[in-house]
Amino acid sequence: MTLSVALHHALPGLTLDVAFDAPAGVTSLFGRSGAGKTSVVNAVAGLLRPDRARIVLEGEVLADTGRGIWLPAHKRRIGYVFQEGRLFPHLDVRRNLVYGLRVTGRAVDDKAFARVVEMLGIGALLARRPGALSGGEKQRVAIGRALLAAPRMLLLDEPLAALDEGRKAEILPYLERIRDEAGVPMLHVSHAAAEVARLATTVVVLEAGRVLRAGPTAAVLSDPALTPTGPRAVGALLIARVVAHHDDGLSELDAGGVRLFLPRVASAPGAELRVRIAAHDVILSLGPPEGLSALNSLPGTVAEIHIGDGPGAIVAVETAAGRVLSRVTRRSVARLGLAPGIACHAILKTVSIAAEDVGVQAGPVRAG
Amino acid sequence: MTLSVALHHALPGLTLDVAFDAPAGVTSLFGRSGAGKTSVVNAVAGLLRPDRARIVLEGEVLADTGRGIWLPAHKRRIGYVFQEGRLFPHLDVRRNLVYGLRVTGRAVDDKAFARVVEMLGIGALLARRPGALSGGEKQRVAIGRALLAAPRMLLLDEPLAALDEGRKAEILPYLERIRDEAGVPMLHVSHAAAEVARLATTVVVLEAGRVLRAGPTAAVLSDPALTPTGPRAVGALLIARVVAHHDDGLSELDAGGVRLFLPRVASAPGAELRVRIAAHDVILSLGPPEGLSALNSLPGTVAEIHIGDGPGAIVAVETAAGRVLSRVTRRSVARLGLAPGIACHAILKTVSIAAEDVGVQAGPVRAG
Amino acid sequence: MGWLGPEEWQAVALSLRVALTATIFSLPPGILVALVLARGRFPGHALLNGLVHLPLILPPVVTGYLLLLTFGTKGPLGSLLAEIGIVFAFRWTGAALAAAIMAFPLMVRAIRLSIEAVDPKLEEAAATLGASRIRVFVTVTLPLILPGVIAGAVLAFAKAMGEFGATITFVSNIPGQTQTLPSAIYAFLQVPGGESAALRLVAVSIAIAMLALIASEWFARRAGRRGGGA
Amino acid sequence: MGWLGPEEWQAVALSLRVALTATIFSLPPGILVALVLARGRFPGHALLNGLVHLPLILPPVVTGYLLLLTFGTKGPLGSLLAEIGIVFAFRWTGAALAAAIMAFPLMVRAIRLSIEAVDPKLEEAAATLGASRIRVFVTVTLPLILPGVIAGAVLAFAKAMGEFGATITFVSNIPGQTQTLPSAIYAFLQVPGGESAALRLVAVSIAIAMLALIASEWFARRAGRRGGGA
Amino acid sequence: DDVLVFAAASLKNAIEEIVGTFNGETGHNVTVSLAGSSALARQIQSGAPADLFISANVGWMDTLEEDGLIAPGTRADLLANALVLIAADPQAEPVELSPGVDLAGLLGGGHLAMALVDAVPAGIYGKAALEGLGIWQAVAPQVAQSDNVRAALALVATGEAPYGIVYATDAVAEPGVQVVGTFPADSHPPIIYPAAILAGHEGAAAEAFLAYLSGATARASFEAQGFVVLGEE
Ligand SMILES: Nc1ncnc2c1ncn2[C@@H]1O[C@H](COP(=O)(O)OP(=O)(O)OP(=O)(O)O)[C@@H](O)[C@H]1O
Ligand SMILES: Nc1ncnc2c1ncn2[C@@H]1O[C@H](COP(=O)(O)OP(=O)(O)OP(=O)(O)O)[C@@H](O)[C@H]1O
Ligand code: MOO
Ligand SMILES: [Mg+2]
Ligand SMILES: [Mg+2]
């Protein structure tokens, strides 16, 4: 277990009572505004001292209030991208970026520096002070500052909320690489399901200071009963291998023997990817689809139907590629006569799978 | 013309050279991080004094550097929700909220206060100082503070970026009501297409300090050539009238004679709504769909096909409900033999239309 | 009570009156000058700044002498003010004036530092909510600089309680009228055997100042209880 | 040059040396005490705060006496220090000590105010980047409080240039060794007709202080050129 | 009637005692403002409401007289004082203060505490006395000057300076110092405290108090403090 957190803390507005384990990879804290996400992250960073806490990172006890252990923040070597920037106003962007290295007496690796700067698109800002940056620029510098300190764990508190989709799409692969290549575990806060689905190995859903659900990403996000931030968070994760890249800009993948066509992905043939399929993007068809613009069709069998409170229902379809979720209306369930055991096709538009939905696979994603 | 802006300003990183007109309703500034959105908004608020500027609000000249006119911020009566909160740290939430009224000697309307507080879900926070709020809570209070000052125009700089979908869905209708009922014009900055599509009457796309495109929302957002923040921003806006609400949680709408089923909307039968149909959510079918879970099918004729740089193409389909856009792969265009004049069906899942995609109609949305 | 004579109690009372008056009356101009120095950019900036610091730089006797020349009954300002009934020369008001002027640089610096630490973005936010400049100042700037104002006031009060050189030079040392605690202490120290009496007064002086300090810390803590930035 | 005698030039040079030494040597303890007062919560807080303010509250003569009793060659601390070769009595170092102590409350207040204005969130951010407490202080806190440190230093310097009462009482007035500008000015003012000579020295004093002020403003402006908050 | 007396600070003990008895006997209300003679003189120049001035220094009274600020015919030399050499060491031998005395040798590298030799009366007189004895040049480098004579006394009392020159009146009540010699009266100008009523402030009460200062009660008080009262007995 990479990180193990158990804490109890009373705040004026909320009592936090949280325990979860974060295995290697990315653990996303998911929950509504005010649920206690930042507070948990602060405790892990050593900035909030809870009434009671036991926090263990890779075997090292960071905090154990019972035994009076409290490792100060600067000894934890945990990088933190704050929700509100917190850049040093007296240092220019360059000095902000290398602060973590300088202050710990480490040399700046020019290549790593250049890579981070390029990825974040902040090359033109290096000589400026934070006061002269736009909101998104500040946030990008803050990400770079945490990354460049080469921490043994990263805390990311809504790191991409201030960024546009294009910029997000540029930064996400970089975070994946840090997760996979450098093996830096991350604790990540977000309210964007796509971001969570793409990055997270484990999802911890917080509600009003408590853990509502915790587990592997695929299991948690495909749980239709669980919609803390709205129904659009529900989706399935499929594991697929890149087969080929085609001239018309599509990549062909193989998911358990089923062909999937996606807008060109960056990974080379042979690479294993995780593809998030949002439940609301999947259409079910009783027969094989014909004359449809959607290129992806996964034959399967209805495994489970979950009728919610609203007009919708989540239909889980077992396919060769894995379990796919589809959010349909109750009316459609009735109209098509869907029930467990019924054969059907899960139809998915190629373009529904946005760049942010496709991530590099990080170890096994166990389903439920 | 409600607001007319023309300004030129040289910043170290960027030269702003922007001119646009904002008619009644909501004008969204749309563009990547660092494009100059906040700078433009600051100039309108009176906080940034551009090298050259002419800004006219409802006939009143707020700024005209040529004639030496520069109305100070406090005389403009323009409410501003800042990108970074800027709550008063020495005042509790309640005093922050009523600040605008107090300071201009106006009485606090208890009903309006209660409504705003409830809508923003900040009732439990009223006695707290901003330092004891979470990131999203701060932003909600900032929205409330600007609203309660009863300004004659509202500036919203990424007001919802820090909020989860559930909370967004609660706040958006309120902003619509302010737009429509109170008739308060808004200048709104966002990088979320759905938010823009829902709120905006007019969209101004900024890129590197210049106006890339400006015009009615439907026209700008349905322009496939225009993807400043990523392809997922492309979509069509349909005007539809609520026909009935059904027991299974669906609402039935009529869009130019075509039936549309949507997850239950709040508006009463007879109300006119604007429905955003994202291009990537629309599947095209040559024949009428059968055995599909999607409830909405709009017959029409291909009007235009726009092949982009990537694997995708945008197909515009003229239907009785209006022009619908579909983002498909080039491969599908070829496979289905799509070309202008070909008859086809635009298929849309009911649940693809999220709550945030459905807005109350504000005056005519002229298409392109 | 018994260990201080009536004349000494008089000196204590007078010192308190002088120090309080000096502090209270110099607060508004102190805040104003601090504001001008912190925010203003004008040709005479350096001059004004220098002028404010003058009482710190000059030996107090010189300041007292200059006050005597200016505000004495024969001085240019003194005679002018006398016509409208304001007399400083050889009155407790003069002691207050001397104390205020000696304390002024301390007060202005403290307030100025606080003003410079205020985030102008908050003032901008107030302006967009309709607050005029003066309203912004009263409702945002002033509360935010309160710790600095309190610090400035307590420095001024302490300095006023201890001021001696300028005071005795300007308004002399007339018991009941201009004899403050420090002048009384000085007089005791000028003669044989005065030390123990001087010590008693020093103790009183310290006690008063300590109370003022503790009160100011308490106020500052209350004012500063913001629970972090916005 | 002609209008100041050699002894007067000596006094000018000495005053500069004394004021600079006092300022420089009191900066580290000044910052430390300010830090402790701003951030510390401990039982002796009020006492330490009072102690620091004492030189402001007491008439300078009393402070001079207390210095004499403590740091004189026969005093408890003085005799101890003398053993390791540090002597204050009748030395310019003593004048610097007196000036430093008189200026200490002003310096501490200015620095303390700045420390209280630092956003602890920035220090937290530095800690998460691996900076130890002391590194955080040097790389974040100190640069952010630089305007306050400069203000404190300039206040201390000005005060040290003007300090007279405590200095002359402690180290008396030995031309070339302990005769500072203010003692020279004082001496001129004691005799009839000494005003013009005193005025010349006052002018020198003001000129030096003005230069110091202007320099400090320049530094503070440079340090503060942050272009707004983070 | 009210009378405001400006008096040199060194007169504090005696004058307050005298004022107490005078007020009691006559029903007048005399108040004393005690400060340095120079400060008081300047205040008088600036129109201070003082009725009577007692200076520790002839020079300042001369200045006021030249300025026409004192009531003609009221100036009188009130008191005289003597100058003594004091030592910190209780076992110190008496010193014969005759011309050429080796004071520098006696100091042995230590300092001689005095008031400011060019500014403060006690210092001015002391320097004159040392010059009179022909030893100023020899001693000058070792002189430590204080802003007032009490501070010089304190330097000796704390043992900081082995020797000092102060008024006899200052040495009287200080247990920490030994008087080891008195400077011959002819080695320095007479140490005189002149008193005068200020111009425009002539009045019965002021005149009565000025007269009272030369009376027997006052004499006793002054002498108790070590002053020599001038004028006929
Ligand atoms: N005070 C300043 N000094 C120099 N450059 C500035 C200043 N303020 C903004 N800029 C630059 O101007 C450009 C536009 O900034 P602005 O804040 O308007 O961007 P934005 O579109 O709001 O971006 P974001 O979405 O990241 O908030 C940016 O490149 C920024 O670096
Ligand atoms: N210093 C504090 N004092 C009192 N209450 C606090 C304090 N900090 C946070 N809270 C409260 O604790 C709760 C959790 O706050 P936290 O910042 O952890 O929320 P969050 O999940 O990060 O929310 P968001 O998504 O809005 O940032 C909130 O209700 C907040 O009001
Ligand atoms: O300015 Mo002083 O020397 O403390 O009275
Ligand atoms: Mg948070
Ligand atoms: Mg911005």
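The values are calculated or read from the model by the stated rules, or taken from the named source; none is laboratory data. As the structure is a prediction and not an experimental result, all values here were calculated from the model. Cβ sites come from the backbone with ideal geometry, for glycine too, and all protein chains shown count toward neighbours.
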- Residues D:82, D:46: which one is closer than 30 Å to residue C:156 by Cβ and more than 18 Å from the chain's Cα centre (by Cα)? D:46
- Task: Search segment A:38-56 for residues that are within 12 Å of chain D (Cβ to nearest Cβ) and away from ligand 4 (no atom under 13 Å from the Cβ) and pair each with any residue that is modelled with pLDDT under 95 and assigned to a loop (DSSP other than H, G, I, E, B) when their beta-carbon atoms are under 9 Å apart and the residues are at least 6 apart or on different chains.
- Result: A:46/A:71; A:46/A:72
- Among what's in segment B:57-74 and is within 27 Å of the chain's Cα centre (by Cα) and facing chain C (nearest Cβ under 8 Å), pick the residue that is farthest from residue B:188 (Cα to Cα). B:74
- Task: Please identify the pairs in which a residue from segment B:283-308 that is at pLDDT below 85 has its Cβ atom under 6 Å from the Cβ atom of a residue that is surrounded by fewer than 23 Cβ atoms within 10 Å (Cβ to Cβ) and among the hydroxyl-bearing types (Ser, Thr, Tyr), counting only partners at least 6 apart or on another chain.
- Result: B:289/B:297; B:291/A:285; B:292/A:285
- Note on the structure: residue E:144 fails exactly one of (1) among the small types (Gly, Ala, Ser); (2) without any contact (Cβ under 8 Å) to a residue 40 or more places away in the chain; (3) over 19 Å from residue D:165 (Cα atoms), namely (3)
- Extreme residue, farthest from the other protein chains (Cβ to nearest Cβ), among residues of segment B:156-193 that are of a type in the set (Asp, Glu) and under 11 Å from the mean Cα position of the chain (by Cα): B:176
- Would you please name the residue that is surrounded by the most Cβ atoms within 10 Å (Cβ to Cβ), looking only at residues in segment C:24-45 that are of a type in the set (A, V, I, L, M) and in contact (Cβ under 8 Å) with a residue 60 or more places away in the chain? C:34
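Table: residues versus (1) away from ligand 2 (no atom under 16 Å from the Cβ); (2) buried (at least 17 other Cβ atoms within 10 Å of the Cβ); (3) under 30 Å from residue D:135 (Cβ atoms).
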position: A:9; (1), (2), (3): no, yes, yes
position: A:22; (1), (2), (3): yes, yes, yes
position: A:33; (1), (2), (3): no, yes, no
position: A:41; (1), (2), (3): no, yes, yes
position: A:51; (1), (2), (3): no, no, yes
position: A:79; (1), (2), (3): yes, yes, yes
- Can you tell me how many residues in segment B:61-75 are charged (D, E, K, R) and buried (at least 24 other Cβ atoms within 10 Å of the Cβ)? 0
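Residue-wise test of (1) polar (S, T, N, Q); (2) in contact with a helix residue (DSSP H, G or I) (Cβ under 7 Å, 6 or more places away or on another chain); (3) within 16 Å of ligand 5 (Cβ to nearest atom); (4) in the same structural domain as residue B:136 (by TED's automatic domain parsing).
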| position | (1), (2), (3), (4) |
| --- | --- |
| B:13 | no, yes, yes, yes |
| B:19 | no, no, no, yes |
| B:32 | no, yes, yes, yes |
| B:56 | no, no, no, yes |
| B:75 | no, no, no, yes |
| B:79 | no, yes, no, yes |
| B:95 | no, no, no, yes |
- Query: For segment E:3-29, which residues satisfy the criterion of being more than 25 Å from residue E:191 (Cβ to Cβ) and within 11 Å of another protein chain (Cβ to nearest Cβ)?
  - Reply: E:4, E:20, E:29
- Item | Identity of the residue in segment D:181-196, of a type outside the set (A, V, I, L, M, F, W, C) and assigned to a helix (DSSP H, G or I), that ends up farthest from the other protein chains (Cβ to nearest Cβ) | D:196
- Query: Applying the selection to segment A:134-157, what residues are part of a loop (DSSP other than H, G, I, E, B) and either touching a His at 6+ places or on another chain (Cβ under 6 Å) or buried (at least 24 other Cβ atoms within 10 Å of the Cβ) (or both)?
  - Reply: A:149
- Residues of segment B:83-103 satisfying the condition of being without any contact (Cβ under 8 Å) to a residue 12 or more places away in the chain and facing chain C (nearest Cβ under 7 Å): B:103
- Message: Looking only at residues that are more than 8 Å from chain D (Cβ to nearest Cβ) and of a type in the set (Gly, Ala, Ser) in segment C:157-180, which one is nearest to residue C:210 (Cα to Cα)?
- Response: C:160
- Task: Give the residues of segment E:120-160 that are in a loop (DSSP other than H, G, I, E, B), surrounded by fewer than 22 Cβ atoms within 10 Å (Cβ to Cβ) and within 9 Å of chain D (Cβ to nearest Cβ), sorted by residue number.
- Result: E:158, E:159
- Cβ-Cβ below 9 Å, separation at least six or inter-chain, first residue in segment C:145-159 and surrounded by fewer than 24 Cβ atoms within 10 Å (Cβ to Cβ), second not in a helix (DSSP H, G or I): which pairs? C:146/B:90
- Task: Out of the residues in segment D:46-71 that are free of Cβ contacts under 8 Å to residues at least 24 places away in the same chain and either away from chain C (no Cβ under 14 Å) or not in a helix (DSSP H, G or I) (or both), state the one that is nearest to ligand 2 (Cβ to nearest atom).
- Result: D:58
- Task: Can you confirm whether segment C:112-125 contains a residue that is more than 8 Å from every other protein chain (Cβ to nearest Cβ), surrounded by 24 or more Cβ atoms within 10 Å (Cβ to Cβ) and touching a residue at least 60 places away in the same chain (Cβ under 8 Å)?
- Result: no
- Message: For segment D:207-224, give me each residue that is surrounded by 16 or more Cβ atoms within 10 Å (Cβ to Cβ) and within 15 Å of residue C:56 (Cα to Cα).
- Response: D:208, D:209, D:210, D:212, D:213
- Query: How many residues does segment B:266-293 contain that are closer than 30 Å to residue A:245 by Cβ, touching a Leu at 6+ places or on another chain (Cβ under 7 Å) and small (Gly, Ala, Ser)?
  - Reply: 2
- From the list B:132, B:149, which one is in contact with a Gly (Cβ under 8 Å, 6 or more places away or on another chain), within 16 Å of ligand 4 (Cβ to nearest atom) and facing another protein chain (nearest Cβ under 7 Å)? B:132
- How about segment E:166-192: which of its residues are away from every other protein chain (no Cβ under 13 Å) and not in a loop (DSSP other than H, G, I, E, B)? E:178, E:180, E:181, E:182, E:185, E:186, E:187, E:191, E:192
- Query: Is one or more of the residues making up segment A:306-321 more than 9 Å from chain B (Cβ to nearest Cβ) and on the phi > 0 side of the Ramachandran plot?
  - Reply: no
- Message: If residue D:119 satisfies all but one of (1) within 16 Å of ligand 4 (Cβ to nearest atom); (2) within 27 Å of residue C:106 (Cα to Cα), what's the number of the condition it fails?
- Response: (1)
- Tell me which residues, restricted to segment B:35-79, are in a helix (DSSP H, G or I) and within 16 Å of ligand 1 (Cβ to nearest atom). B:37, B:38, B:39, B:40, B:41, B:42, B:43, B:44, B:45
- Which listed residue is of a type outside the set (Ser, Thr, Tyr) and farther than 30 Å from residue C:12 by Cβ, from D:44, D:78, D:50: D:78
